[in-house]
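To start, the structure itself, in structure tokens.
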Amino acid sequence: MPSATTKRAVKTNGKPGPKHNIDAVREAYYERISKFDMAPLWKVMKDVVTKEPVTRCVPAIWHYDDVKALVLESGGLISAEEAQRRVLILENPALRGESRATNTLFAGIQMILPGEIAPAHRHVSSAIRFVLDGEGAYTAVEGEKAFMSPGDFVITANWAPHDHGNPSKKPMLWLDVLDFPAVNFFEASFAAYFGDKMQNTTRQDGDSLAFYGSGVLPDGAPVQLNRSPVINYTYARTRPVVDRLKKAGDIDKSHGARVRYANPINGGPVLPTMGACLALFPKGFKGEKYRATDGTIFVCTEGGGVTKVEDKVLEWGPNDVFVVPPWKRYSHHPHKESVLFSISDRPAQEALGIWREDKNPS
Ligand SMILES: [Fe+2]
């Protein structure tokens, strides 16, 4: 007797079919529905609704000695103005050609030479800039000219006009992290370029940090704002805080003495799509394993050590940038007192209700 399925398939087909070969009947059916741009979910169910996160990213590290030499070389090839932004992309080795370090985040190293200007523009993608090298270049954002120093963390939020300039005598290099892979996933990107290379600045360096990051708010400050009004979170202000945390004994077993950069209006992340942390690891710290669904980009600002990601060991030193993919077990093991800055898409995942962590992965 043919099975009920075969009977149905044969009947639906309208003509006699191979009663004993259900596979052939099914394949013929799949081919037929394919012509109508339809496909059977049951064939791909396990791949599209996975039991656990599946990532295409791999752990990766870019050592600053290599990166700096290569980026400096680009200075002789193209000007900042011609390039709009002279940036070398840090591409995840498993995602080459896709301009991304993780599935949702772009990372790149930008350089601006003495006397150069990277002209004003704006875009829907938000950016985090983490200063690696140099002193005295600026990012002008929404009318504030923020002069940058190593370890400073500058944000340019969605649609905020911004330009960069370097009136100093040395090249300045920083890590750019943008959310455009996520924005492009939604196919929601816009960008605009201005006739003037530089925007008019009406606020002094440090104004936004003083106005919003001092335990007070300007009278009339917005009650709700989904991105921080602070342009530049300086290393000079934040670094002593993690030292105080360490001295107070507030040291997480996986993350060390860590602070999260906050939007002073609502205590939330600095940007709705990306968040950042600064963590101090005392000498002798042996991190416990941890995993979460946000892929994370780390930068070493001080010290040196290794981060174990599953069976891969990433050895880092100052200004090295490395990536931990989503849901991979990792642990930090500094060789000496060390500081790591990190950026991830956790705020976006939390807003969507999909972020998860595992504090004790086996
Ligand atoms: Fe930009």
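Condition check ((1) without any contact (Cβ under 8 Å) to a residue 12 or more places away in the chain; (2) surrounded by 18 or more Cβ atoms within 10 Å (Cβ to Cβ); (3) under 19 Å from the mean Cα position of the chain (by Cα); (4) within 24 Å of V131 (Cα to Cα)) across all residues:
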{"position": "S228", "(1), (2), (3), (4)": "no, yes, yes, yes"}
{"position": "Y233", "(1), (2), (3), (4)": "no, yes, yes, yes"}
{"position": "A257", "(1), (2), (3), (4)": "no, yes, no, yes"}
{"position": "I265", "(1), (2), (3), (4)": "no, yes, no, no"}
{"position": "L280", "(1), (2), (3), (4)": "no, yes, no, yes"}
{"position": "K286", "(1), (2), (3), (4)": "no, no, no, no"}
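Among the residues making up segment 174-223, a single one is more than 16 Å from the ligand (Cβ to nearest atom), modelled with pLDDT of 95 or more, over 23 Å from N263 (Cβ atoms) and not charged (D, E, K, R): F185.
Restricting attention to strands (runs of 3 or more DSSP E) lying wholly within segment 304-362, give those where 1 or more residues are closer than 28 Å to L173 by Cα, out of contact with any Asp or Glu (no Cβ under 6 Å at 6 or more places or on another chain) and open to solvent by 30 Å² or more (accessible area, probe 1.4 Å).
Of the strands (runs of 3 or more DSSP E) lying wholly inside segment 304-362, those with at least 1 residues that are closer than 28 Å to L173 by Cα, out of contact with any Asp or Glu (no Cβ under 6 Å at 6 or more places or on another chain) and open to solvent by 30 Å² or more (accessible area, probe 1.4 Å) span 305-309, 312-316, 330-334.
Considering segment 274-295, the residues that are of a type outside the set (D, E, K, R) and touching a helix residue (DSSP H, G or I) at 6+ places or on another chain (Cβ under 8 Å) include one that is nearest to A94 (Cα to Cα), namely T293.
In segment 117-131, the qualifying residues are those that are more than 8 Å from the ligand (Cβ to nearest atom) and not in a strand (DSSP E or B), and the one that is surrounded by the most Cβ atoms within 10 Å (Cβ to Cβ) is S126.
Report yes if V223 is more than 25 Å from the chain's Cα centre (by Cα) and surrounded by fewer than 22 Cβ atoms within 10 Å (Cβ to Cβ), otherwise no. Here the answer is yes, as V223 does meet what is asked.
Each row is one residue, and each column tells you yes or no for (1) surrounded by fewer than 20 Cβ atoms within 10 Å (Cβ to Cβ); (2) outside any strand (DSSP E or B).
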position	(1), (2)
E82	yes, yes
E91	yes, yes
E98	yes, yes
A101	no, yes
M111	no, no
G115	yes, yes
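The values are calculated or read from the model by the stated rules, or taken from the named source; none is laboratory data. Since the structure is predicted, the reported quantities are computational estimates derived from the model, not experimental observations. Glycine also receives a Cβ, built like all others from the backbone with ideal geometry; neighbour counts cover every protein chain displayed. For accessibility, only protein heavy atoms count, side chains too; no ligands or nucleic acids. Shrake-Rupley method; radii C 1.70, N 1.55, O 1.52, S 1.80 Å.
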